[in-house]
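Novice: There's a structure below that I have some questions on.
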Amino acid sequence: MKGLCIDPLNNFSEYWKQPELSLTDFRERIIRRFLPFPKLMVSSASSRKCFATVSAVVAEVEENKTFDSERAGLVVKELRKSFNSGRTKSYEWRMLQLNNVARMLDEKEKDIIEALYKDLSKPELETYIAEISTLKSSCQEALEGLKHWMIPEKVKTSISTYPSSAEIVSEPLGVVLVISTWNFPFLLSLDPVIGAISAGNAVVLKPSEIAPATSSLLSKLVEEYLDSSVVKVIEGAIPETSALLEQKWDKILYTGSARVGRIVMAAAAKHLTPVILELGGKSPAVVASDVNLQVAVRRIIAGKWALNNGQACIAVDYIITTKDFAPKLIEALKSELEQFFGNDPMNSKDISRIVSSTQFTRLAKLLEEDKVSDKIVLGGQMDENQSKMAPTILLDVPEDTQIMNEEIFGPFMPIVTVEKIEGSFDVINSRPKPLAAYLFTNNEQLKKSFVENISSGGMLINDTVLHVAVASLPFGGVGESGMGSYHGKFSFDGFSHKKSVLYRSFSGDSTLRYPPYTPEKLKLLKAVISGNIFNIIMALIGW
Amino acid sequence: MATATEEVRRVVFDSREASAMVEELRASFGSGKTRSYEWRASQLNKLEKVTEYHEAEIIEALRSDLSKPEFESFVQEIGMLKSSCKLALRQLKSWMKPEKAKTSITTFPSSAEIVSEPLGVVLIISAWNYPFLLSLDPVVGAIAAGNAVVLKPSELAPATSKLLARLLGEYMDSSSVRVIEGGVAETTALLEQKWDKICYTGNGRVGRIVMASAAKHLTPVLLELGGKCPVVVDSGINLQVASRRIIVGKWGCNNGQACISPDHILTTKDFAPILVDALKQELDSFYGKNPLQSKDLSRIVNSNHYARLTKLLDEDKVSGKIVHGGERDISNLRIAPTILLDVPQDSLIMQEEIFGPLLPIVTVDKVEDSFDLINSGSKPLAAYLFTNDKKLKDQFVRSVSAGGLVINDTTIHLAVPSLPFGGVGESGMGAYHGKFSFEAFSHKKAVVYRGFSGDASVRYPPYTKGKLSLLKALVGGSILGIIRALFGWS
């Protein structure tokens, strides 16, 4: 089948091979070429079929201009119809879809790795661990837990409703929108979709246009593996996203920046749509001096440069340590970095590139700021042509610099020094709440006070990032780092409405509740509420 | 003199003053004092004392704002709040305990827990219909979770608003709990500030405004809205009990001015006349021949709402459909319990939330048809069904989406604190009551603890083929694969 088709990805790689083409040009060409092309955007059967000639493609583009609000409305309408038919509610349908996702992950591993390599030069092992296997566990978790999750939860009833029984029924919300991002474009697209499907919703997924190969692959795979009348991929950039956001959804999950998060929530407000916002922030790592330095340093590196080269919402943004300990920490970081990525990290195959020229420019600017450029103690190399940046460590960067005030989202690691390690708490609390906060120490008291005093989405003591792999923990931010959470059962809950149901019979009807409200009734009620048996008896005998 | 100063103060509560107040509360929250169990418990105790020591004043304020019968004030406002306080006090310690969570093989060896922490400084905007309960019940949750709170009671229930400001000022820790009275201007000034959570009770129109302002600061919202709560009535039921329970949920709940009051009834053509008769008879026995004079019914809150309700009733297609009641008294803002039969679907009364003493009955051929009718509108805050048919119950629970459902009764799911109370779709988002109140005002912080032992180099670069095959084997759970990879036979 593949041999018969003109694979659009091959064309992408053609562009990619032209060295004179800047990343912006590259992206723009992709957008020009494919995004206004409706049959690629709305994942329909024809997107997998061959395109006969280029002229046919051009004709198509001219015929159906962009994916506008009207077309978005039609997609939602169709999905709502499918949802209303009730079939997404059955356990069988949900299991089938989840099984299909799992099968897709097994069968298309190579394609996924390839797409992520194209978009981010992401090393195969990183793709495998952070995207494919994490999704596999999510599927597994859902497949194993779903039956149990779907069972209504019995709860105790109270004296005021006696006799009665009560339960909390989880029901799907309806038609939901998942807007994903480019840094883990596969995982962060499908992980919420798994939750939405588990909960029995119809879903539209909008992958990030900044990871075009993955976006296109997702569109193809979802069409191929999932029930396409209920799960759809819409590819596109700002105009398509705006068209989608104008529609009425029953839930929106957005992963990305706080700026766009605000736009998403404001759009959702028009339709009273609840949102899950997975944002980022400056996630700190506090390093005390009483640690196993080699292990700590390796784990910091794993949570920064070995995590999409720092382009991750839970990557370590900066380190806080004591003045005395900083030199030792830097030495250890240098030596482990060299071991991991060699003498010339710019040529290491084990490190992702910077995703786009916009991001490259933004990052370069952070480093070039006056007060910053002379603080580099390691790294600093960059290669615009390949969009590569070396792991870079900076020491004692002033607080009023750009790099200390925005989420870095790249391979720079400033080290902030404090006199005493407890001083790090003020440094963290003076900023918006981050998505994650890390602490390395063997001191129990310090751990305790860190957990008590620092507010962040999640926390991990003596490691980085791994808390996202614990399915029994909710993953989500607080304050500037987002709202709502998902993962494991929390994904199911995030896309469900918890419907309270109270069952009563016609027996045991007490006239006490009803008008006319006599003083005796009031007296009895007061006695009942205060739980005074003596008063109840007195009221009952009419005193 | 005192009122003059008050006037001046009211005028200057603008965004600047609101911002200064939030800053103060933030400093107080930042000091950490609201986090302690002792502070939370002492504040909850004080709220309970408010209900205990000031019962008569609360009842008086509610009478002044709504002519609310003492019985209703006591049961539905004071009694409910007291139970909320008691429950929170009894369970707070266990709510505050971090919840242990299982960890996975990927993070072995490790331990994990979910820590509930306060969000910070929260805003509660309350409504006029249950102005005491709907103001303080969310405050109980916010305090239990350890937050600093600003409460904005509704200006449409001015006596209660004033009383709340006075009592909370007197009883509560004013460095962390404040009441700001006011209308649209004050609310706007408050909404411009950055909050860590906003709980709003009211209508969908303002709900949208609240959420849009919250979006500017990425503030999560709890919106308690309303909707047209339907009651489906099947035949073959205990008609007297059903009618009484419908009446008590409608006219016995602030004369229908309640977000979970039955909005309309759905029943079969055949059963409708029987039901109407039963309702009439029970209404008579509850409120007498002249309900406009009954002391057991609330009045309409103000002349705006009175005008809105009479407009619903006076619509051409509607006025001829009255089968019971319809009397009104504009000087006392009273409207009698009114039942309408077969009002057209396109009339105003069938389009908007009624929120008053008018009860239209819609007839269907088969009782199951009512489910489609409900699902064709926006999702209500509550839906009720009266039946003895097990199958019908199941179908109702499965197919009707609403904030909450009650079978064979109305409104009392509110009194079950183990059930979350909240809407879905147009009826709102988020939930509270009981432990859910604590959770609504808490952040669930995921915490994982690891040691430095058990560090596997398979995680780290350089990424060799051997590492990859080991990982794949681990993920695939193939023991043979793991052994092969460990020996380097990939």
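Per-residue answers, yes or no, for (1) within 19 Å of A:THR134 (Cβ to Cβ); (2) small (Gly, Ala, Ser); (3) crowded, with 24+ Cβ neighbours inside 10 Å; (4) away from every other protein chain (no Cβ under 14 Å):
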position	(1), (2), (3), (4)
A:LEU205	yes, no, yes, yes
A:ILE210	no, no, no, yes
A:VAL222	yes, no, yes, yes
A:ASP227	no, no, no, yes
A:ALA237	no, yes, no, yes
A:SER242	no, yes, no, yes
A:MET265	no, no, yes, no
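Novice: Right, another one. Taking the options A:GLU144, A:GLU171, name whichever one is within 14 Å of chain B (Cβ to nearest Cβ) and in contact (Cβ under 8 Å) with a residue 60 or more places away in the chain.
Specialist: Residue meeting the stated conditions: A:GLU171.
Novice: Right, something else. Tell me, yes or no, whether region B:266-273 has at least one residue that is in a helix (DSSP H, G or I), away from every other protein chain (no Cβ under 11 Å) and in contact (Cβ under 8 Å) with a residue 60 or more places away in the chain.
Specialist: Yes, region B:266-273 has at least one match.
Novice: For the condition without any contact (Cβ under 8 Å) to a residue 24 or more places away in the chain and of a type in the set (A, V, I, L, M, F, W, C), what is the one hit in A:LEU435, A:LEU473?
Specialist: From the options A:LEU435, A:LEU473, the qualifying one is A:LEU473.
Novice: If the Cβ limit is 6 Å and pairs must be 6+ apart or interchain, which residue in region B:54-66 that is within 17 Å of B:GLY169 (Cα to Cα) pairs with which residue that is not in a helix (DSSP H, G or I)?
Specialist: B:ILE58/B:PHE132
Novice: May I ask you to say which residue of B:GLY425, B:GLY466, B:GLY454, B:GLY434 is more than 9 Å from every other protein chain (Cβ to nearest Cβ), at pLDDT 85 or above and more than 23 Å from A:SER456 (Cα to Cα)?
Specialist: Just one listed residue meets the conditions, B:GLY434.
Novice: For region B:127-146, does any single residue satisfy the condition of being in a helix (DSSP H, G or I), over 19 Å from the mean Cα position of the chain (by Cα), touching a residue at least 60 places away in the same chain (Cβ under 8 Å) and in the same structural domain as B:VAL206 (by TED's automatic domain parsing)?
Specialist: No - not one qualifying residue is present in region B:127-146.
Novice: May I pose another question? Can you pull out the residues in region B:147-187 that are without any contact (Cβ under 8 Å) to a residue 40 or more places away in the chain, surrounded by fewer than 17 Cβ atoms within 10 Å (Cβ to Cβ) and hydroxyl-bearing (Ser, Thr, Tyr)?
Specialist: B:SER174
Novice: Next up: May I ask you to say which residue of A:LEU446, A:LEU502, A:LEU435, A:LEU473 is over 26 Å from B:LYS194 (Cα atoms), in contact with an Asp or Glu (Cβ under 9 Å, 6 or more places away or on another chain) and more than 9 Å from chain B (Cβ to nearest Cβ)?
Specialist: A:LEU446
Novice: Regarding A:LEU446, is this residue part of a helix (DSSP H, G or I), of a type in the set (A, V, I, L, M) and in contact with a Leu (Cβ under 8 Å, 6 or more places away or on another chain)?
Specialist: Considered against the rule, which asks whether it is part of a helix (DSSP H, G or I), of a type in the set (A, V, I, L, M) and in contact with a Leu (Cβ under 8 Å, 6 or more places away or on another chain), A:LEU446 comes out as yes.
Novice: Which residue is surrounded by the most Cβ atoms within 10 Å (Cβ to Cβ), if the candidates are limited to region B:212-243 and must be part of a loop (DSSP other than H, G, I, E, B) and at the interface with another protein chain (Cβ under 7 Å from one of its Cβ atoms)?
Specialist: It comes out as B:PRO220.
Novice: Kindly list, by first and then second residue, each pair from a residue in region A:182-205 that is closer than 24 Å to A:LEU120 by Cα and in contact (Cβ under 8 Å) with a residue 40 or more places away in the chain to a residue that is of a type in the set (Ser, Thr, Tyr) and part of a loop (DSSP other than H, G, I, E, B), limited to pairs with Cβ atoms under 6 Å and residues at least 6 apart or on different chains.
Specialist: Short answer, once both residue conditions are applied: A:TRP182/A:SER208; A:PRO185/A:SER208; A:LEU188/A:SER180; A:LEU188/A:THR181.
Novice: Also, quick follow-up: Does any residue of region A:118-135 turn out to be touching a strand residue (DSSP E or B) at 6+ places or on another chain (Cβ under 7 Å) and at the interface with chain B (Cβ under 9 Å from one of its Cβ atoms)?
Specialist: No: region A:118-135 contains no residue that is touching a strand residue (DSSP E or B) at 6+ places or on another chain (Cβ under 7 Å) and at the interface with chain B (Cβ under 9 Å from one of its Cβ atoms).
Novice: Within region B:275-284, work out how many residues are surrounded by 14 or more Cβ atoms within 10 Å (Cβ to Cβ), free of Cβ contacts under 8 Å to residues at least 60 places away in the same chain and more than 30 Å from the chain's Cα centre (by Cα).
Specialist: Residues meeting the conditions: 3.
Novice: Condition first: of a type outside the set (Asp, Glu) and touching a residue at least 60 places away in the same chain (Cβ under 8 Å). Can you find one or more residues in region A:394-404 that meet it?
Specialist: Yes, there is a match, as at least one residue in region A:394-404 is of a type outside the set (Asp, Glu) and touching a residue at least 60 places away in the same chain (Cβ under 8 Å).
Novice: For A:ASP509, work out the one condition from (1) within 29 Å of B:PRO417 (Cβ to Cβ); (2) outside any helix (DSSP H, G or I); (3) modelled with pLDDT of 85 or more it doesn't fulfil.
Specialist: Unmet condition: (3).
Novice: Considering region A:143-185 alone, what residues qualify as being part of a helix (DSSP H, G or I), farther than 19 Å from B:LEU419 by Cβ and within 23 Å of the chain's Cα centre (by Cα)?
Specialist: Hits for region A:143-185 are A:LEU143, A:GLU144, A:GLY145, A:LEU146.
Novice: So in region B:287-305, with the set limited to residues that are part of a helix (DSSP H, G or I) and surrounded by fewer than 22 Cβ atoms within 10 Å (Cβ to Cβ), which one is nearest to the chain's Cα centre (by Cα)?
Specialist: Taking the candidates together, the pick is B:HIS305.
Novice: Which of the residues that make up region B:346-366 are surrounded by fewer than 16 Cβ atoms within 10 Å (Cβ to Cβ) and either acidic (Asp, Glu) or not assigned by TED's automatic domain parsing to the domain that holds B:VAL301 (or both)?
Specialist: Correct list: B:ASP346, B:GLU352, B:ASP365.
Novice: Sticking with this structure for a sec: All but one of (1) farther than 30 Å from A:LEU525 by Cα; (2) surrounded by fewer than 24 Cβ atoms within 10 Å (Cβ to Cβ); (3) modelled with pLDDT of 95 or more; (4) within 12 Å of chain B (Cβ to nearest Cβ) hold for A:TRP149; which doesn't?
Specialist: (4)
Novice: Working only within region B:318-345, note down all residues that are among the acidic types (Asp, Glu), on the phi < 0 side of the Ramachandran plot and either part of a loop (DSSP other than H, G, I, E, B) or crowded, with 18+ Cβ neighbours inside 10 Å (or both).
Specialist: The one that is among the acidic types (Asp, Glu), on the phi < 0 side of the Ramachandran plot and either part of a loop (DSSP other than H, G, I, E, B) or crowded, with 18+ Cβ neighbours inside 10 Å (or both): B:GLU327.
Novice: Just the residues that are closer than 22 Å to A:ALA142 by Cα, polar (S, T, N, Q) and in contact with an Asp or Glu (Cβ under 8 Å, 6 or more places away or on another chain), please, taken from region A:164-221.
Specialist: Within region A:164-221, A:SER170, A:ASN201 qualify.
Novice: Please find, within region A:399-432, the residue that is farthest from A:TYR486 (Cα to Cα) out of those that are within 11 Å of another protein chain (Cβ to nearest Cβ) and in a helix (DSSP H, G or I).
Specialist: Out of the qualifying residues, it is A:ASP426.
Novice: Here is a further query. Quick check on region A:252-259. Is at least one of its residues at the interface with chain B (Cβ under 9 Å from one of its Cβ atoms) and under 17 Å from the mean Cα position of the chain (by Cα)?
Specialist: yes
Novice: Let me ask something additional. Could you tell me whether region A:270-280 includes any residue that is in a loop (DSSP other than H, G, I, E, B), modelled with pLDDT under 95 and under 22 Å from the mean Cα position of the chain (by Cα)?
Specialist: yes
Novice: Report, ordered by the first and then the second residue, all pairs with beta carbons closer than 7 Å, sequence separation of six or more or different chains, a first member in region A:371-392 that is of a type in the set (D, E, K, R), and a second member that is buried (at least 16 other Cβ atoms within 10 Å of the Cβ) and in a strand (DSSP E or B).
Specialist: Matching pairs, first to second residue: A:LYS375/A:LEU394; A:LYS375/A:LEU395; A:LYS388/A:MET382.
The values are calculated or read from the model by the stated rules, or taken from the named source; none is laboratory data. For clarity, every value in this text was computed on a predicted model and none was experimentally measured. Virtual Cβ from ideal backbone geometry, glycine too; neighbours counted across all protein chains shown.
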